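Coordinate-derived values only; no laboratory data. Owing to the predicted nature of the structure, the values given are computational and were not obtained by experimental measurement. All Cβ positions, even for glycine, are placed from backbone atoms using ideal geometry, and neighbour counts span all protein chains on display.
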Amino acid sequence: MALRLFDEMQKSRVRPDNVTFISLFTACSYSDMAHEGLHLLYNMCNVYNIEPKSEHYGCIVDLLTRARLIEEANAILQKMPISSSSSEEAIAWRALLTASCSHGQVNMAEAAAERIMALECHSGAYVLLANAYTAAGRHSEARRIRNVMKNRGVEKTPGCSSIEINGIVHEFIAGEKTHSEMDEIQQLLEVIKKQLDTLQSNLSFDVIL
């Protein structure tokens with residue numbers, strides 16, 4: 001649909017802008033159209049003379065990594081001009097880091113993490129890289145990364161979730177038990193756990209297999 005609308009824009013001589021291409025890259029990403037996305041990037045630069053920004057590179061990285069084209073995604077990022085905003089540049093590299101970890105590309109994850117660490121002091125890159133090392137069985141290197149975090153004073157941001165019930169927002173932070181109804185919540189979770197255990201024990205895995 002997005003590409004058809006873009007064709008209509010071209011026929012009507014409506015000039016695309018930065019946002020247009022973000023929408024197109026995203027559409028290609030979710031439709032497994034990596035080559036079409038690269039063609040759009042070429043036209044963006046050479047036909048419409050629009051300089052890609054970090055958000056465009058982030059979309060392209062997502063597009064390529066979804067197609068398991070990790071090396072190609074890295075090559076695209078190597079051509080990315082230095083942004084005036086280090087946080088924006090880090091976003092694009094973080095997309096590559098996440099994909100590299102998901103696909104077990106530890107060497108690529110290392111390179112992406114190093115770029116991110118040079119741009120910003122954020123726990124995410126350290127945690128992802130440490131997890132990648134652990135998944136690859138490189139436990140000593142995972143410990144080294146966690147020690148680097150400690151020495152640099154980088155703390156992992158705890159996970160947080162919230163839910164609104166009857167107009168009241170209830171917030172939960174990983175590792176904390178400060179909610180006023182935590183005892184009741186824990187009791188309910190224990191009931192659910194027992195029900196799940198019972199359900200699991202009654203399942204016939206012979207049927208599933």
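Descriptive notes on the structure:
- For the range 17-33, backbone phi angles converted through the Karplus equation (6.51, -1.76, 1.60; θ = phi - 60°) give residue-by-residue couplings of 10, 4, 5, 4, 6, 4, 5, 5, 4, 5, 4, 5, 4, 7, 9, 6, 10 Hz, Gly and Pro being listed as x.
- Cross-link partners of K193 among lysines, defined as those whose alpha carbon lies under 22 angstrom from its own and excluding same-chain residues fewer than eight positions apart: K177.
- Ranking of H35, H122 by neighbouring Cβ atoms within 10 Å, starting from the fewest: H35, H122.
- Trypsin sites (Lys or Arg not before Pro) restricted to DSSP loop in the range 1-62 with at most 12 other C-beta within 10 Å: R13
- Efficiency of FRET between E8 and H35 - r from beta-carbon atoms, R0 30 angstrom, step 0.05: 0.90
- For the range 38-160, pairs of C-alpha atoms spaced more than 19 angstrom apart make up 49 percent of the total.
- Relative to the longest principal axis of the Cα atoms of the chain, helix 34-46 runs at roughly 50 degrees.
- Calculated P(r) over Cα pairs in 5 Å bins from 0, in percent (choose from (1) 1, 6, 11, 12, 11, 11, 11, 12, 11, 7, 4, 2, 0; (2) 1, 6, 12, 13, 14, 15, 13, 10, 7, 5, 3, 1, 0; (3) 1, 7, 14, 18, 19, 18, 14, 7, 2, 0), label: (1)
- Along the range 162-174 the Karplus relation, 6.51 cos²θ - 1.76 cosθ + 1.60 evaluated at θ = phi - 60°, assigns HN-Hα couplings of 8, 9, 9, 10, 6, x, 10, 8, 9, 10, 10, 10, 4 Hz to successive residues, with x for each Gly and Pro.
- In this structure, K150 and E181 have a Cβ-Cβ separation that, at R0 = 41 Å, corresponds to a calculated FRET efficiency of about 0.75.
- Of the chymotrypsin sites (Phe, Trp or Tyr not before Pro) in the range 99-191, not one is in a loop by DSSP (not H, G, I, E or B) with at most 11 other beta carbons within 10 Å.
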